Amino acid sequence: MTEKLEMRTKDLTRENIDKIAELFPNCITESLKDGKPVRSIDFDALKQELSDYVVDGPTERYQFTWPGKSKAKLLANSPIDMTLRPCPEESVDFDNTKNLYIEGDNLDVLKLLRETYLGKVKMIYIDPPYNTGSDFVYNDKFVIDAEGYAEISGDYDEDGNRLERNTASNGRHHTDWLNMIYPRLRIARDLLSDDGAIFISIDDNEVQNLRKMCDEIFGEDELVTQFVWKKKQGGGNDSSFVVTEHEYILCYCKNSSKFKIGVDKKYKLDDSLYPFSDNKGDYGLVTLDKASIQFSQSLVYEIKDPAGNVYYPRVIKGKQSCWRWGKNKVEKQYNELVFKNGKVYTKYYRPDGVTPRSLLIDSIYGRTESGNDDIKSLFELNPFSYPKPVSLIQHFISICSEDGSLVMDFFSGSATFAQAVMQLNNEDRKKRHFIVIQLPEKCDETSVAYKAGYVNICEIGKERIRRAGKQIKSSFTQSTLDGKKILDVGFRVLKLDSSNMKNVYYSPDKITQAGIDGLVDNIKEGRTHKDLLFQSMLDLGIELSVPISSIKVEGKEVYDVDNGYLLACFDDNVSESVVTEIAKKKPVFAVMRDSSMDSDSTATNFEQIFRSYSPTTVRKVI
């Protein structure tokens, strides 16, 4: 049976009501919405179901709340009729890259990505507005008119106030910031894999509130650490009382029982600890006898060196010591012992790295100035103020991702994160791929960036990735190209926009006969077949970075997504023979326009053709 694509994000509120209905059917009731009865939750009944005492009404309890929190929760779950439109002309290696650069309000973009990337993102890093009083915060609308969204330009909405400066004198200074960040973090948790983690840069203005919020969203037990990063070296006058030299990076994991953190390979180990070398590498020595461990008589026995000299555990500071190894281990690993100066030693080799530390005070993690230097080295000017240093972001990526990991930054700014991923892949020869999201905030007309020709922040970010990719590739030698992985320094540009579908697609019952007479089809003017393809991919949960190619079948363009996983044709006048050729390829999904059949006969036989040649194919129409 051919089904109609939803072409909108899921209504998670409705799904959650369905789940509660399965567990507590007595908690389901009806209420009026816009004058019509709708299924809803009897929250008083639900409270009683979840309590082991009689619930009379509101009770005092430990909680973190603020004005508008309930609406922020609702905003995270509310559906939207929007899409992501591909822009091959602004991309690099569009057909082959697995990296995505997405322009648009990150809340709406995250909603669109939620179903497709649910539980697939290994690591997220964000550097949101710090709420210093001069930062802009997103002025989220509770309901956004999809048709009007097309009018959004840069950092302004249809009312001219998409972003607002959140000054400290604003009576809702903290509230506005919390309402902005809360729904985004809720969706971020959904995107994380079970062994994934999120890193959030913040300063003293909101770190306490952010930590309480993350305790609620991710769980108190999922706090990995609160990193302290030394952001500058030397003096400054940025505080009334003390020089503030640090910022924080909160790290929360999705599931602490599955989360594992990698070693810090940046931290420089003291060479004096590893004064010797052999074919295994640099090593130091540690005595086999120790007085600091719990004494056991069974660990007191003689050991002979190759020359026949006998050794026993020593008396150390008046206390009888014992060997750290038992007899069996000494016999098996005798060749690893070192006899020197009347003592027995074992070797400890220089590790590949050390356990990550919470204090990032060494210069190897970068400073604010080195972040400026990173971007200046690409542009020969500084089009973006105070970007994070590449080395700091690389550190977080390296300890919390692996080969093939998908990593994300949804406050991308100047795209430091994207550059860090590409450079780290080049250094350790791994194939991480990224998704970065940025609202196209307009550059101030007096800024260096605007005078250099960059109208908004996205233009800076995309150009930075292009230049960083060229710089990395220019360092390749023939030896790095031969027999090794070819680095992915491309990216697909996608832009948030209103749905490709006209209102009749979503609400056909509201269209009058006069309206029907004026409709040629249900797709908006100016939308391309690639636009339809990417919205179909979102609806079907297909990753937006998979390979895409096109083939011709009797002159009709058929898109082949992920090597035959999805076949889609949006051309007009599609014949039975074209449908037959598509069915013979046995795709998992097949998508066509409802109005694209060349005759009533083709439309009538569509189902029968697929039943004959590929009965397992899921057929969808738009």
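The values are calculated or read from the model by the stated rules, or taken from the named source; none is laboratory data. Since this is a predicted model, take the numbers as computed values, not measurements. A quick note on method: Cβ atoms are made from the backbone with ideal geometry, for glycine too, and the neighbour counts reach across all protein chains shown.
Specify which of the listed residues (Lys343, Lys347, Lys327, Lys304) is buried (at least 16 other Cβ atoms within 10 Å of the Cβ), closer than 30 Å to Asn279 by Cβ and over 30 Å from the mean Cα position of the chain (by Cα). Before the answer, list the steps.
Working: Lys343 fails: buried (at least 16 other Cβ atoms within 10 Å of the Cβ); Lys327 fails: buried (at least 16 other Cβ atoms within 10 Å of the Cβ); Lys304 fails: buried (at least 16 other Cβ atoms within 10 Å of the Cβ).
From the options Lys343, Lys347, Lys327, Lys304, the qualifying one is Lys347.
Conditions first: (1) in contact with a helix residue (DSSP H, G or I) (Cβ under 9 Å, 6 or more places away or on another chain); (2) within 23 Å of Thr368 (Cα to Cα); (3) not charged (D, E, K, R). Thr446 passes all but one, so which condition is the exception?
Here Thr446 meets the rest and fails (1).
For region 162-264, which strands (runs of 3 or more DSSP E) that fit wholly inside it have 2 or more residues that are modelled with pLDDT under 90?
163-165
Being hydrophobic (A, V, I, L, M, F, W, C), crowded, with 16+ Cβ neighbours inside 10 Å and over 19 Å from Leu392 (Cβ atoms): is that true of Cys251 here?
Against the criterion (hydrophobic (A, V, I, L, M, F, W, C), crowded, with 16+ Cβ neighbours inside 10 Å and over 19 Å from Leu392 (Cβ atoms)), Cys251 does not qualify.
Looking for something over 31 Å from the mean Cα position of the chain (by Cα), of a type in the set (Ser, Thr, Tyr) and not assigned by TED's automatic domain parsing to the domain that holds Thr116 - is there at least one such residue anywhere in region 577-584?
Within region 577-584 (the criterion being over 31 Å from the mean Cα position of the chain (by Cα), of a type in the set (Ser, Thr, Tyr) and not assigned by TED's automatic domain parsing to the domain that holds Thr116), the answer is yes, since at least one residue qualifies.
Return yes or no: is Ser358 closer than 30 Å to Lys258 by Cβ and in contact with a strand residue (DSSP E or B) (Cβ under 7 Å, 6 or more places away or on another chain)? Step through it out loud before you land on a result.
Working: closer than 30 Å to Lys258 by Cβ: yes; in contact with a strand residue (DSSP E or B) (Cβ under 7 Å, 6 or more places away or on another chain): yes.
Yes.
Among Ile460, Ile472, Ile486, which is the only one that is within 18 Å of Ile102 (Cβ to Cβ) and of a type in the set (A, V, I, L, M)?
Step by step, each of Ile460, Ile472, Ile486 is checked, and only Ile460 is within 18 Å of Ile102 (Cβ to Cβ) and of a type in the set (A, V, I, L, M).
Which number in (1) surrounded by 13 or more Cβ atoms within 10 Å (Cβ to Cβ); (2) free of Cβ contacts under 8 Å to residues at least 40 places away in the same chain; (3) among the small types (Gly, Ala, Ser) marks the one condition that Gly234 misses?
It is condition (1) that Gly234 fails.
Is it true that Ile293 is free of Cβ contacts under 8 Å to residues at least 40 places away in the same chain and assigned to a helix (DSSP H, G or I)?
When the stated conditions are applied, Ile293 does not pass them.
Exactly one condition in (1) crowded, with 22+ Cβ neighbours inside 10 Å; (2) touching a helix residue (DSSP H, G or I) at 6+ places or on another chain (Cβ under 8 Å) is false for Thr580; which is it?
Among (1) crowded, with 22+ Cβ neighbours inside 10 Å; (2) touching a helix residue (DSSP H, G or I) at 6+ places or on another chain (Cβ under 8 Å), the lone unmet condition for Thr580 is (1).
From the set of residues in region 494-532 that are hydroxyl-bearing (Ser, Thr, Tyr) and surrounded by fewer than 20 Cβ atoms within 10 Å (Cβ to Cβ), which is modelled with the highest pLDDT? Outline the logic, then answer.
Going through region 494-532, the residues hydroxyl-bearing (Ser, Thr, Tyr) turn out to be 498-499, 505-507, 512, 528.
Narrowing the set further to residues that are surrounded by fewer than 20 Cβ atoms within 10 Å (Cβ to Cβ) leaves 506-507, 512, 528.
Working: Tyr506: 58, Ser507: 58, Thr512: 46, Thr528: 95.
Result: Thr528.
Can you confirm whether Leu381 is modelled with pLDDT of 95 or more and loosely packed, with under 13 Cβ neighbours inside 10 Å?
Answer is no for this residue.
If we keep just the residues of region 196-208 that are over 13 Å from the mean Cα position of the chain (by Cα), buried (at least 18 other Cβ atoms within 10 Å of the Cβ) and not hydrophobic (A, V, I, L, M, F, W, C), which is nearest to Phe396 (Cα to Cα)?
Ser201
Quick test of your reading of the structure: Ser391 fulfils all but one of (1) under 25 Å from Lys430 (Cβ atoms); (2) of a type in the set (S, T, N, Q); (3) out of contact with any helix residue (DSSP H, G or I) (no Cβ under 8 Å at 6 or more places or on another chain). Name the failing condition by number.
Among (1) under 25 Å from Lys430 (Cβ atoms); (2) of a type in the set (S, T, N, Q); (3) out of contact with any helix residue (DSSP H, G or I) (no Cβ under 8 Å at 6 or more places or on another chain), Ser391 violates only (3).
Looking only at residues that are on the phi > 0 side of the Ramachandran plot and surrounded by fewer than 22 Cβ atoms within 10 Å (Cβ to Cβ) in region 68-121, which one is farthest from the chain's Cα centre (by Cα)?
Step by step, filter region 68-121, then rank; the result is Gly68.
Restricting to region 580-622, give me the number of residues that are in a helix (DSSP H, G or I) and basic (Lys, Arg).
Matching residues across region 580-622 total 2.
Condition first: loosely packed, with under 10 Cβ neighbours inside 10 Å and either among the basic types (Lys, Arg) or touching a strand residue (DSSP E or B) at 6+ places or on another chain (Cβ under 7 Å) (or both). Now tell me which residues in region 289-300 satisfy that.
Correct list: empty.
All but one of (1) exposed (fewer than 13 other Cβ atoms within 10 Å of the Cβ); (2) not in a strand (DSSP E or B) hold for Val286, so report the exception by its number.
Val286 satisfies all of (1) exposed (fewer than 13 other Cβ atoms within 10 Å of the Cβ); (2) not in a strand (DSSP E or B) except (2).
Say we look at region 402-419 and pick out the residues that are closer than 18 Å to Phe384 by Cβ and over 14 Å from the mean Cα position of the chain (by Cα); which of these is surrounded by the fewest Cβ atoms within 10 Å (Cβ to Cβ)?
Restricting to residues being closer than 18 Å to Phe384 by Cβ and over 14 Å from the mean Cα position of the chain (by Cα), the top hit is Gly413.
Go through region 342-360 and give me each residue that's modelled with pLDDT under 95 and aliphatic (A, V, I, L, M).
Matches in region 342-360: Val354 only.
Failed condition for Gln423, given (1) closer than 16 Å to Phe491 by Cα; (2) of a type outside the set (D, E, K, R); (3) in contact with a Gly (Cβ under 9 Å, 6 or more places away or on another chain), with all others met?
Failed condition: (3).
Being at pLDDT 95 or above and either in the same structural domain as Lys120 (by TED's automatic domain parsing) or of a type in the set (Val, Ile, Thr) (or both), is that true of even one residue in region 533-547?
yes
Collect the residues in region 354-377 that are crowded, with 22+ Cβ neighbours inside 10 Å and among the hydrophobic types (A, V, I, L, M, F, W, C), keeping them in residue-number order.
Scanning region 354-377 gives Leu360, Ile375.
Checking the conditions here, which among Gln438, Gln471 is within 19 Å of Glu90 (Cα to Cα) and either hydroxyl-bearing (Ser, Thr, Tyr) or modelled with pLDDT of 95 or more (or both)?
Values: Gln471 fails: either hydroxyl-bearing (Ser, Thr, Tyr) or modelled with pLDDT of 95 or more (or both).
Selected residue: Gln438, the only one of Gln438, Gln471 that is within 19 Å of Glu90 (Cα to Cα) and either hydroxyl-bearing (Ser, Thr, Tyr) or modelled with pLDDT of 95 or more (or both).
Counting only residues that are surrounded by fewer than 17 Cβ atoms within 10 Å (Cβ to Cβ) and in a strand (DSSP E or B), how many does region 551-565 have?
Going through region 551-565 one residue at a time, the tally reaches 3.
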